[in-house]
1. Quick check: anything in the range 202-225 among the hydroxyl-bearing types (Ser, Thr, Tyr) and under 22 Å from Ile138 (Cα atoms)?
2. So, in the range 179-193, of the ones that are more than 11 Å from the ligand (Cβ to nearest atom) and aromatic (Phe, Trp, Tyr), which residue ends up most open to solvent (accessible area, probe 1.4 Å)?
3. Would you point out which residue out of Cys117, Cys52 is in contact with a Pro (Cβ under 8 Å, 6 or more places away or on another chain) and within 22 Å of Val187 (Cβ to Cβ)?
4. I'd like to know if the range 142-160 contains one or more residues that are part of a loop (DSSP other than H, G, I, E, B), near the ligand (Cβ under 10 Å from one of its atoms), open to solvent by 50 Å² or more (accessible area, probe 1.4 Å) and touching a residue at least 12 places away in the same chain (Cβ under 8 Å).
5. Would you please list the contacts, defined by Cβ atoms under 9 Å and residues six or more apart or on different chains, that run from a residue in the range 204-231 that is near the ligand (Cβ under 10 Å from one of its atoms) and open to solvent by 20 Å² or more (accessible area, probe 1.4 Å) to a residue that is assigned to a loop (DSSP other than H, G, I, E, B) and among the hydroxyl-bearing types (Ser, Thr, Tyr)?
6. For the structure I just gave you, tell me whether Lys196 is within 17 Å of the chain's Cα centre (by Cα) and either closer than 27 Å to Glu18 by Cβ or near the ligand (Cβ under 9 Å from one of its atoms) (or both).
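The values are calculated or read from the model by the stated rules, or taken from the named source; none is laboratory data. Just so it is clear, the structure is predicted and the values come from calculations on it, not from any experiment. Ideal geometry is used to build each Cβ from the backbone, glycine not excepted, and the neighbour counts take in all protein chains shown. Surface accessibility is based on the protein's heavy atoms, side chains included, excluding ligands, DNA and RNA. Shrake-Rupley method; radii C 1.70, N 1.55, O 1.52, S 1.80 Å.
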Amino acid sequence: MKKLILANLKMYFNTKEEIDNYLKEVNIHKNNFIVFPSVIYLDKFLKQNFICGVQNISASQSGSYTGENSALSVKNLGASYAIIGHSEVRKNFKETDEIINQKIKQALQNKLIPILCVGESLDAYHQNQTKQIINMQISKALKDIDKEIIVSYEPVWAIGTGITPSNEEIDDIINYIKILFKYKVKVLYGGSVSDKNIQNLNNINSVDGFLIGKSATEPSSLKKIIEVARM
Ligand code: PGA
């Protein structure tokens with residue numbers, strides 16, 4: 001089965017030259033992945049018919065929110081998806097589960113598909129609390145929400161570290177997440193997915209796709225990942 005490939009470019013590209021080069025190199029793959037560039041580059045990708053999302057949205061609808069981007073504004077520009085609750089946003093912006101709940105509501109009201117990121121810290125992993133944490137994150141994030149969303153399981157300790165859980169561990173958590181939903185929810189895996197481990201990770205049947213950071217910023221790695229997970 002073809003898996004979804006999501007490229008979270010984070011804040012890796014900081015010059016016009018870098019982003020233009022990337023656009024040129026990945027252009028031939030644009031029907032095989034969804035790109036989440038920094039909002040300032042969103043229009044560049046949309047103009048070249050990439051399927052796009054944003055890395056974060058405001059919890060509010062409109063008004064005096066300096067530095068924020070509303071769900072309506074990114075939808076209006078042409079984005080289709082919004083990553084919500086990424087562990088870097090949770091940490092750097094002190095984003096709570098209640099704020100995440102507001103953001104998911106904003107996304108759904110404005111017809112953006114929310115990608116809810118959940119995952120445990122290394123301490124919680126060692127204390128065997130992964131399922132408990134994920135259950136709490138999901139139930140708080142989805143309070144009073146019955147519309148469909150996508151979930152991405154991202155252990156905090158696997159993001160940007162080169163370390164991943166075993167396939168058995170990932171499969172166990174993905175299946176656990178799936179039974180928490182009444183509908184056939186899509187669950188992705190994210191955290192150090194690369195051209196080196198994609199062959200192995202792609203064997204996990206329960207995984208519906210991958211949310212990729214660093215490796216997605218390298219066109220040759222992205223190409224390899226697409227070849228394995230999409231062809
Ligand atoms: P990484 O990031 O692939 O660089 O580990 C994944 C993510 O943050 O979603």
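1. Initially, the range 202-225 is screened for residues among the hydroxyl-bearing types (Ser, Thr, Tyr), giving 206, 215, 217, 220-221.
With the extra rule that they be under 22 Å from Ile138 (Cα atoms), the set shrinks to 206.
Yes.
2. Among those that are more than 11 Å from the ligand (Cβ to nearest atom) and aromatic (Phe, Trp, Tyr), it is Tyr183.
3. Cys52 is the lone residue from the list that is in contact with a Pro (Cβ under 8 Å, 6 or more places away or on another chain) and within 22 Å of Val187 (Cβ to Cβ).
4. Yes, there is a match, as at least one residue in the range 142-160 is part of a loop (DSSP other than H, G, I, E, B), near the ligand (Cβ under 10 Å from one of its atoms), open to solvent by 50 Å² or more (accessible area, probe 1.4 Å) and touching a residue at least 12 places away in the same chain (Cβ under 8 Å).
5. Within 9 Å, the pairs are Lys214/Tyr12; Lys214/Ser192; Lys214/Ser194.
6. So Lys196 does not fit the description; no.
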